[in-house]
Amino acid sequence: MNHITRTPVPLSPAQLLSDTRRPQHTPAGLVGDTPLLWIGEPFTAAGRGFWTKLEGHNPGGIKDRTALHMVRAARERGQLLPGARIVESTSGTLGLGLALAGAAYGHPVTVVTDPGMEPLMTGLLTAYGAAVELVDTPHPTGGWQEARRHRVEELLAIHSDAWCPDQYNNPDNVAAYAPLAHELVAQLGRIDTLVVSVGTGGHSAGIASVLRTYFPELRVVGVDTTGSTIFGQPAGPRLMRGLGSSIYPRNVAYDLFDEVHWVAAPEAVWAARTLARHHYATGGWSVGAVALVARWAARTLPAEHRIVTVFPDGPQRYVGTVFDDSYCRTHGLLGHLPADDPDEIDHPSEKIVSRWTRCTRIIDPLTNTATGVQQLTIAGVAR
Ligand SMILES: Cc1ncc(COP(=O)(O)O)c(C=O)c1O
């Protein structure tokens, strides 16, 4: 038998490069332009699914975008002097971003955190040259976040030229996400619903505000954790990190949200683990929580409705928690198959929620003084 051997014509370097990311001279150039992945069956119902932006493909995670943008802007304004120290409170992801920004722009970095931060994160931050400051006692009312903020203030007093990005209130944390929104528009063309986790409020505000200019009918679904104060529930114990808060970050753009879902830790664990097993792409608490809500949206909205969600980071940080059987057993997180649908409440003050719950009434607890949070406190049930 005669075989015809064809010699392949080599593609020109220009053609090859058009499908490849360009070589970078600095690690900051590796941030952004992240991939988008379809999540369908078996995680979702047959014929349904959603798109997810994999921000874990940034060197440190989603907050690389924030850190670089905040540092760049502060330097341009003269708020951050050349070589001055950066001091910030973070549960981890922003710390990695700041370590990257510090390396890119030549600033030492101090990260203030609490005992909930995973050993892997402490190890990574230290390896990247950041100083890690651990607070050991939660603030009586503001929890760990408030305790961390106090320590940041002490450090700013010690280092006279130090600068704190204040990710909770700095508008540059929001502005940092315009490129992510533009990437989504370029990647998908049309978006009907955005499902996003909320911590400082930065990425939800930054992405949703830009997407609304392209798609005025865009539905924005916020995802928070039970025990978080952001959307008007009283502060409670929180196992999940990244999303949620025990304070009231001013970067949360309340007017952009159509609804909020509070998700409990066992439900997020189920979703993160199921995604890992069947779709490889997964993450931790916030990924599990947004995936659970996006899965529900994919089943309940019309099939042609295009749903997008953001996975802020990957699974590595959570091998000792979300993906660790003994940790999960200790915290009673295993064996809870989430309900198909969330509970519904009409107002955030209606009751303290302890499982997946949805509310289409969005209130800003700081400006809406007549919220039921106060009533709950008076009734003695708030923690
Ligand atoms: C893993 C993870 N998910 C979600 C969030 C919430 O994002 P944002 O602060 O932009 O609201 C954070 C914030 O730190 C995070 O680290």
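From the residues in the stretch 200-233 that are in contact with a Ser or Thr (Cβ under 7 Å, 6 or more places away or on another chain) and open to solvent by 10 Å² or more (accessible area, probe 1.4 Å), which one is farthest from residue 258 (Cα to Cα)? Once the filter is applied, the top-ranked residue is 226. Consider the stretch 140-171 and keep the residues that are buried (at least 18 other Cβ atoms within 10 Å of the Cβ) and aliphatic (A, V, I, L, M). The one that is farthest from residue 98 (Cα to Cα) is 147. Residues in the stretch 43-66 that are in contact with a strand residue (DSSP E or B) (Cβ under 9 Å, 6 or more places away or on another chain) and within 12 Å of the ligand (Cβ to nearest atom) were compared, and the one that is nearest to residue 155 (Cα to Cα) is 62.
Anything in the stretch 137-165 that is touching an Asp or Glu at 6+ places or on another chain (Cβ under 8 Å) and not in a helix (DSSP H, G or I)? List them, or say none. The answer is 138, 139, 164, 165. Against the numbered list (1) part of a loop (DSSP other than H, G, I, E, B); (2) surrounded by 22 or more Cβ atoms within 10 Å (Cβ to Cβ); (3) of a type outside the set (D, E, K, R), residue 174 comes up short only at (1).
Does residue 331 count as open to solvent by 50 Å² or more (accessible area, probe 1.4 Å), in the same structural domain as residue 224 (by TED's automatic domain parsing) and in contact with a Pro (Cβ under 6 Å, 6 or more places away or on another chain)? Spelling it out, it is not the case that residue 331 is open to solvent by 50 Å² or more (accessible area, probe 1.4 Å), in the same structural domain as residue 224 (by TED's automatic domain parsing) and in contact with a Pro (Cβ under 6 Å, 6 or more places away or on another chain).
Residue-wise test of (1) of a type in the set (Phe, Trp, Tyr); (2) surrounded by 14 or more Cβ atoms within 10 Å (Cβ to Cβ).
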| position | (1), (2) |
| --- | --- |
| 287 | no, yes |
| 293 | no, yes |
| 299 | no, yes |
| 303 | no, no |
| 321 | no, yes |
| 327 | yes, yes |
| 336 | no, yes |
| 349 | no, yes |
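Rundown of residues vs (1) touching a Pro at 6+ places or on another chain (Cβ under 8 Å); (2) within 27 Å of residue 165 (Cα to Cα), yes/no style:
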{"residue": "209", "(1), (2)": "no, yes"}
{"residue": "214", "(1), (2)": "no, no"}
{"residue": "240", "(1), (2)": "no, yes"}
{"residue": "246", "(1), (2)": "no, yes"}
{"residue": "281", "(1), (2)": "no, no"}
{"residue": "284", "(1), (2)": "yes, yes"}
{"residue": "294", "(1), (2)": "no, no"}
{"residue": "311", "(1), (2)": "no, yes"}
{"residue": "314", "(1), (2)": "no, yes"}
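Scanning the stretch 67-90 for residues that are open to solvent by 30 Å² or more (accessible area, probe 1.4 Å), part of a helix (DSSP H, G or I) and away from the ligand (no atom under 16 Å from the Cβ) returns 72, 75, 76, 77.
For the stretch 186-205, indicate whether the set of residues that are within 12 Å of the ligand (Cβ to nearest atom) and on the phi > 0 side of the Ramachandran plot is non-empty. Checking the stretch 186-205: at least one residue is within 12 Å of the ligand (Cβ to nearest atom) and on the phi > 0 side of the Ramachandran plot. When the stretch 91-106 is limited to residues that are without any contact (Cβ under 8 Å) to a residue 40 or more places away in the chain and more than 16 Å from the ligand (Cβ to nearest atom), the one that is farthest from the chain's Cα centre (by Cα) turns out to be 106.
In the set (1) part of a loop (DSSP other than H, G, I, E, B); (2) in contact with a Gly (Cβ under 9 Å, 6 or more places away or on another chain), residue 64 fails one condition alone, (1).
Residues in the stretch 234-247 that are open to solvent by 10 Å² or more (accessible area, probe 1.4 Å) and within 19 Å of residue 283 (Cβ to Cβ): 238, 239, 241, 242.
The values are calculated or read from the model by the stated rules, or taken from the named source; none is laboratory data. Because the structure is a prediction, the values reported are computed rather than measured. Glycine also receives a Cβ, built like all others from the backbone with ideal geometry; neighbour counts cover every protein chain displayed. These accessible areas exclude ligands, DNA and RNA; they are computed on the full protein's heavy atoms, side chains included. Shrake-Rupley method; radii C 1.70, N 1.55, O 1.52, S 1.80 Å.
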